[in-house]
Amino acid sequence: MLTRKQHDLLMFIHGRLQELGVPPSFDEMKDALELRSKSGIHRLITALEERGFIRRLPNRARALEILKLPESVSQAPKGRAGFTPSVIEGSRDSREAGVSAIDSLQKRPRVVSDESHVVGIPMMGRIAAGVPISAIQTNTHQIFVPPDMLGGGEHFALEVKGDSMVEAGILDGDTVLIRKADTATAGEIVVALVDDEEATLKRFRRRGDTIALEAANPAYETRIFGSDRVKVQGKLVGLIRKY
């Protein structure tokens, strides 16, 4: 049996995972349950973990997985508990069976059911959502996606490495779809090339003659560079996630 607070917290985490695909922060949990401190949230999470309702995932900031729900609540689909993916029912040639699409710069899944029309875009390697890694690699293969995920322009795809953009709904292992561009407006998520050798995925901000590359994870600091050190390579327009 769960206490009322334990039940309320479990259902809040479950709802947030269903809505956004990422768990709430401890501050959000504290506010939702109207607690005075985060220590109460820690105790509730420990109790839920001990009772087998949730699991804390190692080496991932703020990562929780729901293992089961109370008997009075409909069970989540088997697989990744607490989040119901929206599946692209595309061609088998896409090699992306069992993926979910997340709209550009949004955290709401989109259902695409047209099986007859897909377009191929080049997969260009990995991009860091964390400390920048090596610059974008050469084309390794193509992935196939519905054209309405892309819009106009030239596109490429990158595999995300790291967890600095989790609060924007971008997780380690996701594939991001990027429209090529060399400029961006404040708040857009971009592929940025730093010093012509380090590529990273961050939210773009310009402050005078400096550019801020802002993470979406409080564990990472915003990085500030002179405008001559940063080149925008493209903007995020979509995301694909495997389950």
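Tell me, please, whether a residue that is part of a loop (DSSP other than H, G, I, E, B) and either over 29 Å from Q142 (Cα atoms) or open to solvent by less than 10 Å² (accessible area, probe 1.4 Å) (or both) can be found in segment 196-207. Within segment 196-207 (the criterion being part of a loop (DSSP other than H, G, I, E, B) and either over 29 Å from Q142 (Cα atoms) or open to solvent by less than 10 Å² (accessible area, probe 1.4 Å) (or both)), the answer is no, since none of the residues qualifies. Among the residues making up segment 38-58, those that are open to solvent by less than 50 Å² (accessible area, probe 1.4 Å) and among the small types (G, A, S) are G40, A47, G52. When you look at I211, is it in a strand (DSSP E or B), open to solvent by 20 Å² or more (accessible area, probe 1.4 Å) and of a type in the set (V, I, T), yes or no? So I211 does not fit the description; no. For segment 171-186, a tally of residues being touching a Phe, Trp or Tyr at 6+ places or on another chain (Cβ under 7 Å) and open to solvent by less than 50 Å² (accessible area, probe 1.4 Å) returns 2. Of the numbered criteria (1) modelled with pLDDT under 80; (2) surrounded by 14 or more Cβ atoms within 10 Å (Cβ to Cβ); (3) not polar (S, T, N, Q), the one K78 fails is (2).
If H117 satisfies every condition in (1) closer than 14 Å to M11 by Cα; (2) modelled with pLDDT of 60 or more; (3) more than 23 Å from the chain's Cα centre (by Cα); (4) in a loop (DSSP other than H, G, I, E, B) but one, which is the exception? Of (1) closer than 14 Å to M11 by Cα; (2) modelled with pLDDT of 60 or more; (3) more than 23 Å from the chain's Cα centre (by Cα); (4) in a loop (DSSP other than H, G, I, E, B), only one is false for H117: (1). In segment 1-19, which residues are within 20 Å of A216 (Cα to Cα) and either touching a helix residue (DSSP H, G or I) at 6+ places or on another chain (Cβ under 8 Å) or crowded, with 19+ Cβ neighbours inside 10 Å (or both)? Once the filter is applied, which keeps residues that are within 20 Å of A216 (Cα to Cα) and either touching a helix residue (DSSP H, G or I) at 6+ places or on another chain (Cβ under 8 Å) or crowded, with 19+ Cβ neighbours inside 10 Å (or both), segment 1-19 yields I13, R16, L17.
On the basis of being crowded, with 19+ Cβ neighbours inside 10 Å, in contact (Cβ under 8 Å) with a residue 24 or more places away in the chain, within 20 Å of I240 (Cα to Cα) and aliphatic (A, V, I, L, M), does A168 make the cut? Yes, satisfied.
Do we find that V160 is closer than 21 Å to T140 by Cβ and open to solvent by less than 20 Å² (accessible area, probe 1.4 Å) in this structure? So V160 fits the description; yes.
The values are calculated or read from the model by the stated rules, or taken from the named source; none is laboratory data. Fair warning: this is a prediction, and the values are worked out from it, not measured in the lab. With ideal geometry, Cβ positions are generated from the backbone for all residues, glycine too; neighbour counts draw on all protein chains shown. To get the accessible areas, we keep the full protein, side chains included, count just its heavy atoms, and leave off ligands, DNA and RNA. Shrake-Rupley method; radii C 1.70, N 1.55, O 1.52, S 1.80 Å.
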